[in-house]
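The values are calculated or read from the model by the stated rules, or taken from the named source; none is laboratory data. Keep in mind that this is a model prediction, so the values were computed, not measured. Using ideal geometry, Cβ is built from the backbone for each residue, glycine included, and neighbour counts are taken over all protein chains shown. For the accessible areas, the whole protein counts, side chains as well, though only heavy atoms, and no ligand, DNA or RNA atoms are used. Shrake-Rupley method; radii C 1.70, N 1.55, O 1.52, S 1.80 Å.
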Protein chains: 2
Amino acid sequence: MLPSNKITLKKIAHDLNMSTSTISRALRDNHEINAVTKERILAYARELNFRPDTIARTLRNGKSKTIGVVLSTVENPFYSQVINGIESAAYQSGYNVCITQSHESYDLEKMQVAHLTRNSVDGILMSLAAGTTDTTYLKRIKDAGLPIVFFDNIDQGIDSHKVVADNFKGAFEATSQLLNSGYKNVAFISGPANNSITVERMAGYLKALTQNGIIANEATIKYCMHDGENDCEIENAIDELFLLDNRPDAIFTATDNVSTKVFQSIRRREIQIPDEVALFGFTNSKLAELTFPALSAVHQPGFEMGKKAAEMLLDLIKNNRSNTEYQTVVLPVQLFSRASSGSITILG
Amino acid sequence: MLPSNKITLKKIAHDLNMSTSTISRALRDNHEINAVTKERILAYARELNFRPDTIARTLRNGKSKTIGVVLSTVENPFYSQVINGIESAAYQSGYNVCITQSHESYDLEKMQVAHLTRNSVDGILMSLAAGTTDTTYLKRIKDAGLPIVFFDNIDQGIDSHKVVADNFKGAFEATSQLLNSGYKNVAFISGPANNSITVERMAGYLKALTQNGIIANEATIKYCMHDGENDCEIENAIDELFLLDNRPDAIFTATDNVSTKVFQSIRRREIQIPDEVALFGFTNSKLAELTFPALSAVHQPGFEMGKKAAEMLLDLIKNNRSNTEYQTVVLPVQLFSRASSGSITILG
DNA sequence: TTGAAAGCGCTAACAG
DNA sequence: CTGTTAGCGCTTTCAA
């Protein structure tokens with residue numbers, strides 16, 4: 001018996017007086033192994049509680065059975081729901097998930113992607129950081145053969161599978177509801193101007209305005225370069241809006257983080273919602289219905305988005321398709337019209 | 001020039017007419033390499049954008065420079081803050097972080113730990129799942145030499161570094177504040193009875209009661225086996241409390257998930273807070289101050305806990321200490337007394 | 001049905 | 001200062 005501090009194929013082979021290849025085959029249930037030999041090996045492996053080393057297997061096979069995820073931060077409830085969707089699909093297929101955060105920073109995002117590729121993930125799921133504008137590094141990785149599926153904040157430039165929420169419709173409906181409730185001057189606060197989600201939600205917002213015969217006023221459109229993570233962004237945006245001659249009577253906030261931060265700031269300023277200013281935002285927080293006043297929200301299907309994106313990635317990985325027809329899946333959003341946008345709603 | 005689809009030491013060595021060991025040494029800035037050779041190698045590696053394969057390096061070195069994390073779910077704001085603390089410490093030391101979720105299930109937890117060890121993490125940070133009672137499998141892993149640091153929901157049975165919040169004090173203070181505000185019959189709802197956090201918070205709760213000359217009533221103490229994730233748990237607990245002859249006029253909720261779920265349920269039932277029942281809970285949600293009424297909360301230092309736990313783990317990993325004196329670090333909590341416990345507070 | 005041998009990409013002991 | 005060689009734990013030809 002070889003020393004038992006580390007159980008390897010070699011040790012089992014030695015103890016059983018067989019070759020490592022036989023052990024390897026038996027443990028993977030290879031059919032060209034004698035049934036009784038196989039049983040003996042399995043029994044002994046079980047006794048030793050043997051677990052094949054994933055690292056060695058990965059090095060040898062060139063596949064890790066792990067998918068990497070890059071998103072801004074798990075602290076955002078929407079993304080934590082996405083993660084649960086990803087895991088559900090991955091585990092189903094026997095894949096592991098490695099979650100990393102970009103904190104909306106281009107440099108961190110790049111570093112995380114580098115880590116993931118060097119750790120041989122079989123594919124990557126990602127929502128771009130707010131600060132990312134140049135995605136050539138991703139294109140290079142994808143062209144080198146690593147499947148990437150984008151979700152939420154995507155890049156229009158790279159041809160690949162994508163899963164997004166119906167941002168346009170969500171924004172259009174939210175803005176329309178504010179206008180229908182009688183608000184005349186609806187402002188817009190979002191993340192960085194170039195982000196796909198901002199662009200789409202902005203389009204929905206503008207459509208609602210024009211459809212109501214309103215001409216958009218650039219002064220009432222604010223972007224937060226760091227999606228509101230840099231606190232002054234939010235404060236400045238609100239300050240500027242409230243200093244306008246034609247002060248907004250409602251704000252549509254276009255991202256989860258911006259929505260809760262704006263809500264918090266308005267409350268801190270002791271400005272009455274919705275009497276002085278109405279709010280309608282994008283958020284997946286379960287506490288939105290419990291705030292005062294209850295926060296009107298566009299809710300994205302986080303779990304479904306993660307699940308769908310993971311499924312598409314796994315399909316790419318397993319079928320090793322090179323010339324696939326890439327598709328973009330658009331998932332429906334849900335609107336919850338509550339007190340913050342002037343609606344009277346019963347909780348629950 | 002060897003084919004360039006995969007850049008390895010071997011390819012660089014071939015192209016430059018040197019041996020792989022020279023390349024390896026040069027890239028790791030080994031001092032016994034000629035300065036000009038080193039520069040040539042570095043230049044060429046840079047040109048090819050060479051990145052050493054982590055998997056191969058891990059297999060060879062026996063260390064992955066990655067730490068694994070197991071916690072219930074990232075959807076819990078407290079844990080997402082812990083993660084950020086862990087990452088901050090890990091990145092500082094050049095370590096990677098792999099986050100996994102147990103969803104409060106013993107089986108899932110065990111599976112995640114198995115995955116992590118098979119993927120050769122250098123150490124594990126974990127908060128036990130609510131459903132975990134038997135930790136012998138962890139003891140075995142630890143005894144085999146893998147450092148493990150426990151945080152939040154810990155196991156008293158295993159001797160190792162631990163980082164926790166001052167659960168006793170948080171619960172004691174919260175309950176005391178409810179009693180000082182005039183509530184006479186304070187109920188208790190928490191996660192599973194056996195969990196360390198429940199035990200400690202319960203002790204703080206009981207201490208506050210006895211110190212106020214109150215004899216604890218078992219009927220007003222409720223446990224949720226799945227930390228409130230199984231929705232009926234919360235509903236049943238509340239139903240039972242409200243059916244008591246001596247109906248509680250206040251509830252101390254002892255975990256983040258239970259706190260928000262109980263709050264939500266009470267609101268849905270249209271029971272007035274704090275007039276009909278006051279609430280004081282443990283939660284790290286940033287929205288707690290924005291709810292109606294504002295939710296009184298014991299706030300745990302999530303970021304600090306993650307940071308400290310990671311630092312202790314990294315110390316264990318780097319110094320490879322076998323017979324360390326293990327210590328348990330207790331971090332202070334913060335109390336935010338708000339309207340839900342009868343306090344009048346100004347936001348912000 | 002089994003074994004021997006090569007090799008995934010890297011590092012380190014040992015030689016020179 | 002640089003090269004040769006062996007080997008981390010596994011899988012896979014190829015040969016028997």
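Can you give the accessible area buried between chains A and B, summed over both chains, with a 1.4 Å probe, in Å² to the nearest 100?
Approximately 4300 Å², summed over both chains.
For the Cα atoms of chain B, what angle does the longest principal axis make with the long axis of helix B:35-48, in degrees from 0 to 90, nearest 10?
60 degrees
Using only the Cα atoms, work out Rg/Rh for region B:177-224, with Rh taken as the Kirkwood radius, to two decimals.
Values: Rg = 10.7 Å, Rh = 11.1 Å.
Across region B:177-224, the Cα-based Rg/Rh ratio is 0.96.
Tell me the Rg and the Dmax, in Å, that the Cα atoms of region B:195-348 produce.
In Å, with Rg to one decimal and Dmax whole: 18.1, 59.
So, with a 1.4 angstrom probe, what is the percent of accessible area on region B:200-348 that is carbon and sulfur?
Working: 3370 of 6920 Å².
Whole-percent figure for carbon plus sulfur exposure: 49.
Tally up the carbon and sulfur contribution to the accessible surface of region A:1-126 as a whole percent, 1.4 Å probe, everything protein left in place.
On the way: 2950 of 5980 Å².
Ligands and nucleic acids excluded, carbon and sulfur reach 49 percent.
Roll a 1.4 Å probe over the protein chains and send me the accessible area per residue for chain B in Å².
Accessible area per residue: 44 Å².
Ranked by accessible surface with a 1.4 Å probe, highest first, in what order do B:Asp256, A:Asp29 come?
Values: B:Asp256 15, A:Asp29 105 Å².
The most accessible residue leads, giving A:Asp29, B:Asp256.
Report the residue, chosen from A:Ile141, A:Ile215, A:Ile99, that carries the largest GNM mean-square fluctuation when chain A is represented by alpha-carbon nodes joined by springs under 10 Å.
A:Ile215
For chain A, modelled as a GNM with alpha-carbon contacts under 10 angstrom, which of A:Arg338, A:Arg25, A:Arg57 fluctuates the most?
Residue with maximal mean-square fluctuation among A:Arg338, A:Arg25, A:Arg57: A:Arg25.
With springs connecting C-alpha atoms under 10 Å apart, model chain A as a Gaussian network and identify which of A:Asn180, A:Asn61, A:Asn17 has the largest mean-square fluctuation.
Result: A:Asn17 has the largest fluctuation of those listed.
Ratio to report: Rg/Rh of region B:117-181, with Cα atoms as the point set and Rh obtained by the Kirkwood method; give two decimals. Walk me through the numbers before you get to the answer.
Numbers: Rg = 15.9 Å, Rh = 13.8 Å.
Taking Rh as the inverse mean 1/r over Cα pairs, Rg/Rh reads 1.16.
Are there any residues in region B:69-87 with a reduction of at least 30 Å² in accessible surface when going from the isolated chain to the assembly of protein chains? Probe 1.4 Å, please list them by number.
Listed in order, they are B:Val74, B:Glu75, B:Ser80, B:Asn84, B:Glu87.
Kindly provide the Kirkwood hydrodynamic radius of the protein assembly as shown in Å, to one decimal, from all pairs of distinct alpha carbon atoms. Write out the running numbers ahead of the final one.
Working: mean 1/r = 0.0362 Å⁻¹.
Taking the inverse mean of 1/r over all distinct Cα pairs, the protein assembly as shown comes out at 27.6 Å.
If you fit an axis through the alpha-carbon atoms of helix B:231-242 and take the longest principal axis of the Cα set of chain B, what angle between them do you get, 0 to 90°, nearest 10?
Between helix and principal axis, roughly 20 degrees.
At B:Asn246, label 7 Å along Cα→Cβ: distances to the other copies, nm, ascending?
In ascending order, 6.5 nm.
Amide H to amide H under 5 Å from A:Thr66: which residues, 5+ apart in sequence or cross-chain, H placed 1.01 Å off N in plane?
Amide H to amide H, under 5 Å and 5 or more residues apart or across chains, A:Thr66 pairs with A:Asn96, A:Asp122.
Please list, ordered by chain and number, the residues whose modelled amide H lies under 5 Å from the amide H of A:Arg338; skip anything fewer than 5 residues away on the same chain.
Sorted by chain and number, the residues that satisfy this are A:Ser296, A:Ala297, A:Ser343.
Answer with one residue from B:Val97, B:Val70, B:Leu128: the one whose Cα lies farthest towards the positive end of the charge dipole of region B:1-131, charges on Cβ with Lys, Arg +1 and Asp, Glu -1.
Value computed over the given set: B:Val97.
How big is region B:165-254 on each of its three principal axes, counting only the C-alpha atoms and giving the largest first in Å?
34, 33, 18
Going through region A:1-51, which GluC sites (Glu not before Pro) have at most 13 other Cβ atoms within 10 Å and a DSSP loop state? Don't skip to the answer; put the middle values down first.
On the way: sites: A:Glu32, A:Glu39, A:Glu47; in loops: A:Glu32.
Answer in residue order: A:Glu32.
Below 17 Å, Cα to Cα, which lysines can B:Lys139 reach? Residues fewer than 8 away in the same chain don't count.
A:Lys6, B:Lys110, B:Lys162
Working from the pairwise distances between different alpha carbons, so that the mean of 1/r is found and then inverted, what is region A:1-121's Kirkwood radius in Å? Write out the running numbers ahead of the final one.
Working: mean 1/r = 0.0583 Å⁻¹.
Over region A:1-121, the inverse of the mean reciprocal pair distance is 17.1 Å.
Using the 2.2 N^0.38 Å rule of thumb for compact globular proteins, work out how chain B stacks up: its C-alpha Rg over that value, please.
Relative to the 2.2 N^0.38 Å estimate, chain B comes out at 1.26.
Just need the relative contact order of region A:122-218 here, percent rounded to a whole number, with Cα pairs under 8 Å and 6+ apart. Don't jump to the answer; show the numbers that get you there.
Working: 114 pairs, mean separation 25.9, N = 97.
Across region A:122-218, relative contact order equals 27 percent.
Given Cβ point charges of +1 (Lys, Arg) and -1 (Asp, Glu) and nothing else, what value in debye, to the nearest 20, does the dipole of the protein assembly as shown about its Cα centre take? The partial results should precede the final answer.
Values: 70 positive and 78 negative charges, 616 e Å.
It works out to roughly 2960 debye.
Please report Rg over Rh for region B:66-145, where both radii come from the alpha carbon positions and Rh follows the Kirkwood definition.
0.96
Please report the relative contact order for chain A, taking Cα pairs under 8 Å with a sequence separation of at least 6, and give it as a percent rounded to a whole number.
Values: 647 pairs, mean separation 62.6, N = 348.
Relative contact order for chain A comes out at 18 percent.
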